[in-house]
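Structure first, then comments.
The values are calculated or read from the model by the stated rules, or taken from the named source; none is laboratory data. Quantities reported herein were computed from a predicted structural model and do not represent experimental measurements. So basically every Cβ, Gly included, is an ideal-geometry build from the backbone, and we count neighbours across all protein chains shown.
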Amino acid sequence: MTQPIEPLIRDEPTPADAIIVVRGGPLTAQKIVVHAVRQRSVFSYRGEPMIAISVDLAIDGWPVERILRERLWSRSTYATSTVVALRSAGHELVATAMAPHFSVVLSEASEAAAVALLGQFGPTLVNEFKRRRR
Amino acid sequence: MTSNTIEIDIPCDPQQLGELDMPFAMLSEARDPSRIAVGAIVITADEDDPVFARVHAITSHGTGPQVVHLELLPGDPLDYAEALRRSHLLRT
């Protein structure tokens, strides 16, 4: 039995097209699938298993720099996209848990779907706010 | 025999927030589930960027999986190791 995500959905305006979407590394299809499967194992959305991964959006009060410092401080790498790019590719963005966290819904937990999603993101970037470099 | 391979106690995506507004993991994915208890200090995230965490809670809904809620501990695990060596709490 999965847990409905609906009680965790924030009541806030739909994010504007131009807002930047940030995903922490590792930016690999394998990790995307693993994380989507984990979400599916725990949560349902609209009565169906929720196949989704997590991102952060640069909404009010959360510029990208703050996301990198406070949310992704443990991640060496990250990549960005935009709300319009993900929506145009058919992904729904759901405001779940605590801002600026969102869930990006995938059609399936497959490598092909993960590769397609990653294709909406720009190059892998170094997170200068990671707390330590090895 | 020792190994240089990083072994995560329980994997998670630190960006993925669950019902308690903190990262979560599946107990079934733990390397040794018997080590995963509320209050336990574990290595989580992934082999690229491992992170310390404290197990905050373990929950389940109905017959659903046991979900481990993780409080990420600040800093890199190697920072903790260096501090332990400086203080001679860790001698290797």
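Residues in segment A:1-24 that are within 20 Å of residue A:67 (Cα to Cα), more than 7 Å from chain B (Cβ to nearest Cβ) and buried (at least 16 other Cβ atoms within 10 Å of the Cβ): A:15, A:19, A:20, A:21, A:22, A:23. Checked against (1) under 14 Å from the mean Cα position of the chain (by Cα); (2) free of Cβ contacts under 8 Å to residues at least 60 places away in the same chain; (3) part of a strand (DSSP E or B), residue A:59 passes all but condition (3). Kindly evaluate residue A:38 against the criterion of being touching a residue at least 24 places away in the same chain (Cβ under 8 Å), basic (Lys, Arg), crowded, with 21+ Cβ neighbours inside 10 Å and in contact with a Phe, Trp or Tyr (Cβ under 9 Å, 6 or more places away or on another chain). The answer is no for residue A:38.
When segment A:98-116 is filtered for residues that are within 14 Å of chain B (Cβ to nearest Cβ) and assigned to a helix (DSSP H, G or I), only A:114 remains. Answer yes or no as to whether residue B:66 is more than 12 Å from the chain's Cα centre (by Cα), within 11 Å of chain A (Cβ to nearest Cβ), of a type outside the set (A, V, I, L, M, F, W, C) and closer than 23 Å to residue A:24 by Cα. Answer is no for this residue.
In segment A:82-97, the residue that is farthest from residue A:72 (Cα to Cα) out of those that are more than 14 Å from chain B (Cβ to nearest Cβ) and among the hydroxyl-bearing types (Ser, Thr, Tyr) is A:88.
For (1) among the aliphatic types (A, V, I, L, M); (2) touching a Phe, Trp or Tyr at 6+ places or on another chain (Cβ under 9 Å), each residue gets a yes or a no:
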{"residue": "B:7", "(1), (2)": "no, no"}
{"residue": "B:11", "(1), (2)": "no, no"}
{"residue": "B:17", "(1), (2)": "yes, yes"}
{"residue": "B:23", "(1), (2)": "no, no"}
{"residue": "B:26", "(1), (2)": "yes, no"}
{"residue": "B:29", "(1), (2)": "no, no"}
{"residue": "B:32", "(1), (2)": "no, no"}
{"residue": "B:44", "(1), (2)": "no, yes"}
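Condition first: touching a strand residue (DSSP E or B) at 6+ places or on another chain (Cβ under 6 Å) and among the acidic types (Asp, Glu). Now tell me which residues in segment A:29-63 satisfy that. Scanning segment A:29-63 gives a single hit, A:56. Taken together, the criteria place residue A:114 among residues that are out of contact with any strand residue (DSSP E or B) (no Cβ under 7 Å at 6 or more places or on another chain), closer than 20 Å to residue A:28 by Cα, at pLDDT 95 or above and buried (at least 19 other Cβ atoms within 10 Å of the Cβ).
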